[in-house]
Every structure is written in structure tokens, then in C-alpha cells.
Amino acid sequence: MVVWKPKIIAFTCWCSSSGVDQAGFEGFKYPANVLTVRVPCSAIVNPSLVVKALQEGADAVLLTACKPVELRKIAPSRITEARVSLLRRLLNTVGVEEDRVRILWISSNEGGIFASEVSRIVEEVEKLGPLNLRGKMIEQP
Amino acid sequence: MRRTTVLLCTCGSTLLDKIDFDKVRNELSKKPLVSRVEVVDGLCKSSVVKNLSLKPSERIIVAACSSRFLEAVFKSLLSISNVEFVNIREQCAWACENKEDASLKTIRLLSGSINKVVRIGLPKSHEDLKIVREALVIGGGIAGVRCALDIADAGYRVYLVEKEPSLGGVMAQLDKTFPTLDCSICIEGPLLSETGRNKNIVIIPNSEVVSVRGMVGDFRVLVRVNPAYVDPEKCNGCGECANVCPVYQPNKYDVNLKPVKAIYCPFAQAVPLKYVINKDYCIECGLCMNACTRAAINLEDKPKMLELNVGAIVVAVGSDLFDPRLKPEYHYGEYDNVITNMEFERIICASGPTGGVLLRRDGKPAKRVAFIQCVGSRESGQGIEECSYYCCAASMKEARLILEHDREAKVFIFYNELRAFGKGWEDLLYRRCLEDGIVFIRSRPSEIKRSLNGNLIIVYEDTLTGKRGELEVDIVVLALGFKPSEKLAKLAAALGISVDDKGFIEEAHAKVKPLETRVRGIYVAGTCHGPRDIVESAVEGSAAAALVISLFRGESIKLPETAKILENKCTGCGRCILMCQYGAIIRDGEKIRVLESICNGCGACVSSCPQEAVVLGDWGIEQLAPQISGMLGD
């Protein structure tokens, strides 16, 4: 029997990629189905890319970013935060569970938090089941 | 078709039992885009990389450890820009439970990168910027002078712009410095004259920066030189003009406590030692013109504009002090004997208005003196909320100066918290103050009253005992906190740098870039970015000079990846301007323009553009969408 495992895309900003690397460095294990896309800052991620990932077969999309409080007035990740909350509401209206798109605050020394959060999220996505967004779109009359 | 090479690193064979490299190689070799897969042992060794004989035109995917270690090797040493990094060590080998998972994840991540790398543009020739190896220092106080001297000593030309007729700043006005009670002008004076003599330093007094164009390495600065009415080339500072001048004016250097002539030199150690005329007081009688044997005086002198071309700018314009009139309970300006600490410095100085004797305004000697701390600092309201850094030490120093002049005097210091944190402040200042019988009272006095005999009565509550009291003294000295000078916001706007919520200049990062501003190539030193003392201002002057020198020592300037606007796609909607938190995107006529010296490369503009007209490196939809499909594909 083939056990279904969710596929998860994680957009990781420069700082949080270093946190993701740190998770491995310190020996934290997390599910292998989280695939990272490194970007300079979470704010560069166009919401259409998140939707694209869901269309292409991802069951959930994470954006890891710097906590805005860590920065001062300047915090591009606030833009990400606003976009993600909008996108979640939007997805809800078309029947995609909002918890399939999330933002995670990971600094470059929070590898442990990344590993534990990601493991928890994978479990939750497993409960939600496969998304199969493309299949759903084809079914539409 | 251009070659795509995948380099798999086994990290000294340590990853062999974590990832199935044969499986990965086989899977990747099947992909039509891949022309070569190499399994190597230690990409971090430059000898290993050289043996691979990679060409700059090749597309390369590096599957190894954290890209932080390898990026430099590939991008700088080999000048290969068509390179993608995949971290198979920390993210696959070390993070997965078993070999099968790790191998699968490696294949998925690499499949994404293979899709992405073909969409990365041809190797870009680095657009390196030229550097004009001359610097501008704005402000001739201790920070600016120290900075100019250090840059000049490294062999670079420095323009030193000062708004007053002489260099020196606040330090030149002080009598003594804490904690050692060194004579202030005696230690600053030699620095000033060294600055005046230095062949690499061009001092531009009486002048202000009006506008700045350009970017790091190549700034164009417009400076307005206000008329001095005396030709500095001809004036030799003999002072014959001032001898015959019939008009007196208050001297700003002496905080308006001592008169000077309308044609004057602010103080004896001034650099440059040239006379200037204050046109607000000059009656244009022409006596000075007759007296000047060198025909240096020109009453028709006009402001001049000067354009400087420099590679770096240091802002060291200093700050103002809080205006004590904003605290009406202390009656400054109304009661004669309520004075500021700057006025005190001039009065106690031997070259000051009373020749160094502490007198009340009615001419009687002052026997009882009180200091009130934190006037305009550490309170919400009119002042600034933070500690003003220098005043505890300054008031203790001033208290000891009083006792040096008159052992019989009684001195009281009304403090909130006594902050004696600097080197020598505790032992050389505070302990000796206690030994000398200076009385410390923990209180922020509520009011100063005046008795019939002209004495001042301080009304206070001692917050240690809870008792209220009144104290009769001859003179009250207000220890004023720093406040940003009025012109600072205007200067910051001209330079394109930002100010913080208190109005001081904002650093690029308070911790790790404390002397850089948001504009590359513009640095900050001294009190214009927050309260500081002389030591720290001098330290920052030298440190800013070091930053300028290291910029000048480089062959060219490599900017980090910045956003670019594709003009053929841009419709000028301006959404990117709203999104940019750095203020790096501006509307320039009909066009939208990215200020490369400010852009930090976050890409908020890229994702906000509805036309996909903003690009930043290899992180557009064009590159990321195929990467995602590659990762998710079967």
C-alpha cells in the first residue's frame, strides 16, 4: 500500500533559510516532504506563486519570515503577513482550507522551532488530506 | 544549448551513508536539461573546484552545504553568476530520518533548481561603480574634525563644511572636560590647528549643504558658502579691523554673554583664524576697510554656490540643547540667576565674560549653587525621553570646578538617577564629589521661586526620604538634555537619509551598522544621531573615517542585488513606491526609478507590480514558478 504523504512548499527568506539550515546542523529531524524555495525576503513572494504551488500539486504552502518586531520601522515581512491573511480568506471562499497557507516566524537561530512547527503542520495537513486543486478545477462545470 | 552541470558534494564522504548518490545521479541524468552530473568530495576546497574546469558560461547547480559557505567561492573566485545552490547537507542529509527520504528530497530540490537555472539570464558583467576618492565631512566639531584628520592622514582629500566661522563645535566652548578636568580647548586646539595645516583638508567655513545627488562613490554635493565679507585669502587675522569697529554684538561663542565687535573672530584658537562680519549688526561705516592694510574686506560679498564631487559623506553636525524656556517652572530667561550649563561653562572659563569668577548677574559672588539634572531629558513631554548621557558627569565636573575656584562654596546636585558609567566617572568624579562635600539630593524640583533679596528658592521633594523642602541658593544651573537641531531634518532630507522618532539621524542598523545610514556611502558620527559625550564622538569620528577609508581602498564598489524597473513594461502606476519601506523607489518625471544606493533588495516591489515590470536577481515569477513545478513534478 502506498501511504499518501503531503507535499509542502516552504518559501524561506534569507534569514529564515539560515534557521532552516541550523535545524539540520543541530540534528533536528523533520518530515522530508517540506521542500524549500530560497528567496531574498518573504515580501518578494507574489501571492500568485503560492496559488501556483497549490495548483501544481502542493498540499500546503509555508512562508517563513522574520518576525516584524525584530526589525524596527522597516519590516517588509509585514507586507507578507498582510498578503497571507488576505490570501487565506480568499482561498477559504473557493473551498480551500485556509490552514493550507501559513506564515511562520523563524529567525536565523530558530532551527528548533522550525523543525517542531513544520512537523506539527505536516501532521495537520495529513489530517486535511490531499488538496488536488488541479483535479478540483477540472471537475468544475 | 548551454550546458547545465550538477555538482553533488559528498562533504568528505560523510554524506555517503545519508544520501544515495548513485540513485540521485541516475535520476538527474535522465533529465534532458542536464548535461553533466559530478559527484565530488569537498567543493569547499578550491583545488577541487579548479579541477572541474568549469566555464563561466556554464549553468551550474551546486548541491552541497549551506550556500553561505559556497556562494563566495563560486560567485567571487570563479565569477560564475549562473549558479544555483541547493543545501543537501543541512536540509536533506542531516534533517531526514532515513536515507531513502533524504535521497528523495535531494532529487526533488534539485529538480526544482534544474528548472530554475535555465531561466537565469546570461552571466551579468558586474556593473562596478567608480569611486571618487575624496570625502565630505559635514560639521567641524570634535567628531567631524577627528574624522577629517583620519581620512586625510590616510592620504585622501577631505572637504570639511562648517556652518560657523570656525571649527571646534561645542567642545571649544567648554571650560574643562570630565572626568580628568583637562582644559577643553587645550586638547581640542592642537587638533584644530592640525586640521588647518593638513594639506589634504579643505576647510569650508560659513557654509551649509544644500542638496546632494548621485550615489555611493560619486556624490555631487551643492554647498552654499555664506558671505564672510572678509577675503580669507587676504586676511591674516591681525585684528586691526576689530580695533576700529564701533559696533558691539553678543558673541555666539560665549553664549551671548560677552560682547564682541561686529567684525570679529569668534575665539583666539579659531581655525581658520580669519575675521568675519555679522551683517545683522554692521552699520557699514567702512572704518574697518580703512584699517585693513591688506584690503581684505568687501562689504558687497555675496553667497557663493560650490559643487563638490565626493565618494563618501560623513554627517557630524551635532545637536542642539533643550530650550529651558519650555519649562516655565524654572523661570529661565526671567530670573537672572537661572542659567544653563553651557552658560555656566563660559562663566567659569578664564576666557569667559567674568574672567572665570562665578558671579551672580548682580555682580555678587555666588556662594551657593544648585544643579538641576535631566532638564528636557528622561521625561515625556517637551524634551526627549531618553537619558542625555553626558549631564550627570558634566554637572559633577562643574560642581568640582566651583570648589576649585572657591573652597567655601556649597554645591547641591538635584538628580534622578546618578549615572556615572564611563571610565573614571565613578572614582575621579563621583567619589571625589562626595569627599568634597557636594550634596546630592534625589529629586526633580517642582519650582524655582525668587525671594526679595534676589536669591533663588528651589522647591523640591526628596524622593529618598519623602520629605519636602526648600533650598535657597545664589545660582541654579540647568543641566540641559540634547535635542536634534532644527536644521537636521532639512539636511537629512537633502541627503536622503532618515531620522528616527526623536528627530535624530537613524542608523542603518542600531547594533551592527551603527555609523551607517540608509544611504550607502553616507555615514554618521557624533551627537547628531543621539546623545553622546566627547569621547564617544571622537571614537565615532575615527570609526566613520575607517569606514570611508575602507570604501576608498577598494578598487570599485560592488552593490548588492537591487531591484530594476523594465521601462518597456512599466505603466507608472506607482504601487512599488508605496510598497518600498526603504523609500528607495521614486517617481522621476514620468518614469519610476530605483535608487540603487538605498535599495536593500527585499523585493517587495517585485511582487507588488501588476505588470511584472520590476525584477530583482533571479527571483521573479519567471524563475520561481518553474522551480516549484520541478519540485512538485513526479
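Sort by residue number and report every cysteine in chain A with no other cysteine beta carbon within a distance under 4.7 Å.
A:CYS13, A:CYS15, A:CYS66
For chain B, what does -39500 (n - 2.57) per DSSP helix run (n ≥ 4), summed and divided by total residues, give at 222 nm, in deg cm²/dmol to the nearest 500?
Helices in chain B give a 222 nm mean residue ellipticity of -7000 deg cm²/dmol.
Using only the Cα atoms of chain B, build the gyration tensor, take square roots of its eigenvalues as a ≥ b ≥ c, and label the shape rounded, prolate or oblate: rounded if a/c is under 1.5, else prolate if a/b is larger than b/c, else oblate.
Prolate, because a/c is 1.5 or more and a/b exceeds b/c.
Nearest 5 is fine: what % of DSSP beta bridges in chain B come out antiparallel, could you say?
50 percent
Based on Cβ point charges of +1 for Lys and Arg and -1 for Asp and Glu, what charge dipole magnitude is obtained for the protein assembly as shown about its Cα centre, in debye rounded to the nearest 20?
About 1700 debye.
Taking only Cα atoms, what is the 0 to 90° angle, nearest 10, from helix A:111-128's long axis to the longest principal axis of chain A?
10 degrees
Once you list every other residue whose beta carbon is under 15 Å from the beta carbon of B:GLY155, what net charge do they have if Lys and Arg are +1 and Asp and Glu are -1?
It works out to a net charge of +1.
Just want the answer: with Cβ charges of +1 for Lys and Arg and -1 for Asp and Glu, which residue in A:ALA58, A:VAL45, A:SER77 is farthest toward the dipole's positive end in the stretch A:45-93?
It is A:SER77.
Given the DSSP H assignment, sum -39500 (n - 2.57) over each helix run of at least 4 residues in chain A and divide by its residue total; what's the result at 222 nm in deg cm²/dmol, nearest 500?
The helix contribution divided over chain A gives -14000 deg cm²/dmol.
Sum up the charges of everything whose Cβ sits under 15 Å from the Cβ of B:ASP336, counting Lys and Arg as +1 and Asp and Glu as -1, but leave B:ASP336 out.
+2
Arrange B:THR527, B:THR571, A:THR80 by Cβ neighbour counts within 10 Å, fewest through most, would you?
With the fewest neighbours first, B:THR527, B:THR571, A:THR80 line up as B:THR571, A:THR80, B:THR527.
Neighbouring Cβ atoms within 10 Å as the yardstick, rank B:ILE131, B:ILE88, B:ILE592 fewest first.
B:ILE131, B:ILE592, B:ILE88
Roughly how tilted is helix B:142-153, in degrees to the nearest 10 and between 0 and 90, from the longest Cα axis of chain B?
Orientation of helix B:142-153: about 60 degrees from the principal axis.
Could you derive backbone 3J(HN,Hα) for the stretch B:276-290 from the dihedral phi with the Karplus parameters 6.51, -1.76 and 1.60 (θ = phi - 60°), listing whole Hz in sequence and x where the residue is Gly or Pro?
In residue order, the calculated couplings are 9, 10, 8, 5, 5, 10, 4, 9, 6, 6, x, 4, 5, 5, 5 Hz.
Within 10 Å, Cβ to Cβ, of B:ASP462, how many net charges do the neighbouring residues add up to if Lys/Arg are +1 and Asp/Glu are -1?
+2
Would you list which aspartates and glutamates come within 14 Å of A:LYS67, measuring only between C-alpha atoms, while excluding same-chain residues fewer than 8 positions from it?
A:GLU81, A:GLU110
Would you list B:GLU84, B:GLU404 from fewest to most Cβ contacts within 10 Å?
B:GLU404, B:GLU84
For chain A, modelled as a GNM with alpha-carbon contacts under 10 angstrom, which of A:GLU26, A:GLU110, A:GLU81 fluctuates the most?
Between A:GLU26, A:GLU110, A:GLU81, it is A:GLU26 that shows the largest mean-square fluctuation.
Treating cross-link reach as a plain straight distance, find the lysines whose alpha-carbon is under 28 Å from the alpha-carbon of B:LYS483, omitting any fewer than eight places away in the same chain.
Correct list for B:LYS483: A:LYS73, B:LYS163, B:LYS176, B:LYS252, B:LYS258, B:LYS327, B:LYS397, B:LYS423, B:LYS449, B:LYS502, B:LYS511, B:LYS513.
Where a Cα-Cα gap under 19 Å defines reach, which lysines qualify for B:LYS45, not counting those fewer than 8 residues away within the same chain?
Here the lysines satisfying the reach criterion relative to B:LYS45 are B:LYS55, B:LYS75.
Computed from the coordinates by the stated procedures, all read-outs in this text should not be read as laboratory data. Being a predicted model, the structure only gives us computed values, none of them experimental. So basically every Cβ, Gly included, is an ideal-geometry build from the backbone, and we count neighbours across all protein chains shown.
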